[in-house]
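This report concerns only the one structure given below.
The values are calculated or read from the model by the stated rules, or taken from the named source; none is laboratory data. Values in this document were obtained by computation on a predicted structure and should not be read as measured data. Heavy atoms of the whole protein, side chains included, go into the accessibility calculation; ligands, DNA and RNA do not. Shrake-Rupley method; radii C 1.70, N 1.55, O 1.52, S 1.80 Å.
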Amino acid sequence: MRREEKPSAYTVSLTYDRRLYRQDVAGSMAHVSMLANQGIIPEKDAEVIIMSLSTIRQEIEEGTFPWRDDLEDIHMNIEARLFDKIGDVAGKLHTGRSRNDQVATDMRLYCKDIVQQTLTCLRDLQRS
């Protein structure tokens, strides 16, 4: 799909997957760190990407992130914002990682977080 085409309402998942922003940012930070540690991308590029991802996470948490429905999902929104902030260096983030890898990682991290929250709530309920 070319960027100028509008996605159909059927393919837009942004209203549902916004909740994955923490996991998406954390997974991307870990991935780019691995790329630098393996010598696949320069350490300086990894640092710039990680700092920008941290800023993006902060924007989302503060409610100042410029969400774009035309970008369909959380991954495309964060990626586009990263390109806005740091230019072509942002493209190095997807080296050796597919969108399917990213989604699977996000979902796994999200499920781990939700299970932990559920266990905490159950312990609180048992104590009360």
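For a bin width of 5 Å, list the pair-distance distribution of segment 57-128 built from all Cα-Cα distances, rounded to whole %.
3, 13, 15, 19, 18, 12, 8, 6, 4, 2, 0
If you fit an axis through the alpha-carbon atoms of helix 43-62 and take the longest principal axis of the Cα set of the chain, what angle between them do you get, 0 to 90°, nearest 10?
It works out to around 50 degrees.
Does anyone have the angle between helix 74-86 and the longest principal axis of the chain? Alpha-carbon axes, 0 to 90°, nearest 10?
Once rounded, one gets 50 degrees.
On alpha carbon coordinates alone, what is the Rg over Rh value for the chain, Rh being the Kirkwood radius? Don't skip to the answer; put the middle values down first.
On the way: Rg = 16.4 Å, Rh = 15.9 Å.
Dividing the radius of gyration by the Kirkwood radius yields 1.03.
Do you know the relative contact order of the chain, to the nearest whole percent, from alpha carbon pairs under 8 angstrom that are 6+ apart? Numbers along the way, then the final one.
Working: 87 pairs, mean separation 44.3, N = 128.
The normalised contact order for the chain reaches 35 percent.
Given the DSSP H assignment, sum -39500 (n - 2.57) over each helix run of at least 4 residues in the chain and divide by its residue total; what's the result at 222 nm in deg cm²/dmol, nearest 500? Before the final figure, lay out the partial values.
Working: 5 runs with 83 residues, N = 128.
Dividing the helical sum by the residues of the chain leaves -21500 deg cm²/dmol.
How large is ³J(HN,Hα), in whole Hz, for each residue of segment 109-119 in order, when computed from phi with the Karplus curve 6.51 cos²θ - 1.76 cosθ + 1.60 and θ = phi - 60°, using x for Gly and Pro?
With coefficients 6.51, -1.76 and 1.60, one gets 5, 5, 4, 4, 5, 5, 4, 4, 5, 5, 5 Hz.
Counting heavy atoms of the protein chains only and a 1.4 Å probe, report the per residue accessible area for the chain as a whole number of Å². Intermediate values should be presented prior to the final figure.
On the way: 8210 Å² over 128 residues.
Using a 1.4 Å probe on heavy atoms only, each residue of the chain averages 64 Å².
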